[in-house]
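Bear in mind that the values in this text are calculations on the coordinates, not laboratory data. This is a predicted model, so every value here is computed, not measured. Ideal geometry is used to build each Cβ from the backbone, glycine not excepted, and the neighbour counts take in all protein chains shown.
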Amino acid sequence: MTAIHQYCSLLVTITIQLIITIIVKPTLVAGRFQPSQWTLAHATFYGDETASATMGGACGYGNLFVNGYGTDTAALSSTLFNNGYACGTCYQIKCVQSSACNNVPYTTVTATNLCPPNWSEASDNGGWCNPPRSHFDMSKPAFMKIAQWKAGIVPIMYRRVPCARSAGLRFSFQGNRYWLLVYVMNVGGGGDIANMWVKGSRTGWISMSHNWGASYQAFATLRGQTLSFKITSYTTKETIVAWNVAPSNWGAGLTYSTHANFL
Ligand SMILES: *[C@@H]1O[C@H](CO)[C@@H](O)[C@H](O)[C@H]1NC(C)=O
């Protein structure tokens, strides 16, 4: 009797867990960034093997070694760059249909720069980044992972993937006593940002506007206050809060780390 009772309650438990898994799991997954379809495009490279030319790109990440991106980076054509909203997004790129392809499945890069159009060159002959082309101008070390650099340009398949970041968001401050400009780095999940708010210890949430690249600004006097940030992902619309990111004696030119991040 007891055994049957235990068996029944076990069945009930398993059934309830199954129902919870079925109901809850998709809602959890819905907020997460899902990889996109593989799409055909082309890739070139810029700079040399030191990747020094990739530093200080249009996303405003500055030194990519210091800020964790290293050499696994690419400049996106304006079609993909989306006015800087694509800064921090991650892509798997594989070389296809070329004898210059290396025998590797793919490499993963983060968008850290804009590849601007060059209207004096045709889009199929040098003006690779001209709209409406989707194009990846990779760092030379990243390009050399998937293809022989002498090829110059290779066909690729690419897809957007979640950004796997160790540790949390990083906030790099610029500005003055009336204006706070914040570069957001090391963004996980979709990697991108749609909206951002700042809260001083004596203010409510203040909406920040997009400045350029991965930077957001608030015209407010926040000196002497502990600062928290609220961030909404561009792709998944998920919002997270990073509390007490910077102490009350925060300063321009400094970078603050947090534990908060998108998954
Ligand atoms: C654009 O293309 C022209 C013609 O090839 C070249 O001379 C020029 O340097 C290019 N401009 C930039 C900004 O790369």
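The residue that is surrounded by the most Cβ atoms within 10 Å (Cβ to Cβ), among those in the range 53-76 that are aromatic (Phe, Trp, Tyr) and within 13 Å of Cys87 (Cα to Cα), is Tyr61. Answer yes if at least one residue in the range 126-138 is more than 16 Å from the ligand (Cβ to nearest atom) and acidic (Asp, Glu), and no otherwise. No: the range 126-138 contains no residue that is more than 16 Å from the ligand (Cβ to nearest atom) and acidic (Asp, Glu).
Taking strands (runs of 3 or more DSSP E) as the structural unit, those lying wholly within the range 189-263 and holding at least 2 residues that are touching a strand residue (DSSP E or B) at 6+ places or on another chain (Cβ under 7 Å) and touching a residue at least 60 places away in the same chain (Cβ under 8 Å) correspond to 193-200, 227-233, 239-246, 255-257.
Among the residues of the range 54-66, is there at least one that is touching an Asp or Glu at 6+ places or on another chain (Cβ under 7 Å) and within 16 Å of Val187 (Cβ to Cβ)? So far as the range 54-66 goes, no, none of its residues is touching an Asp or Glu at 6+ places or on another chain (Cβ under 7 Å) and within 16 Å of Val187 (Cβ to Cβ).
Would you confirm whether or not the range 147-158 contains a residue that is within 16 Å of the ligand (Cβ to nearest atom) and buried (at least 24 other Cβ atoms within 10 Å of the Cβ)? Please lay out each step first, then the result.
Our first condition is that a residue be within 16 Å of the ligand (Cβ to nearest atom); within the range 147-158, this holds for 152-153.
Right, trim to buried (at least 24 other Cβ atoms within 10 Å of the Cβ) and you get none.
Among the residues of the range 147-158, not one is within 16 Å of the ligand (Cβ to nearest atom) and buried (at least 24 other Cβ atoms within 10 Å of the Cβ), which makes the answer no.
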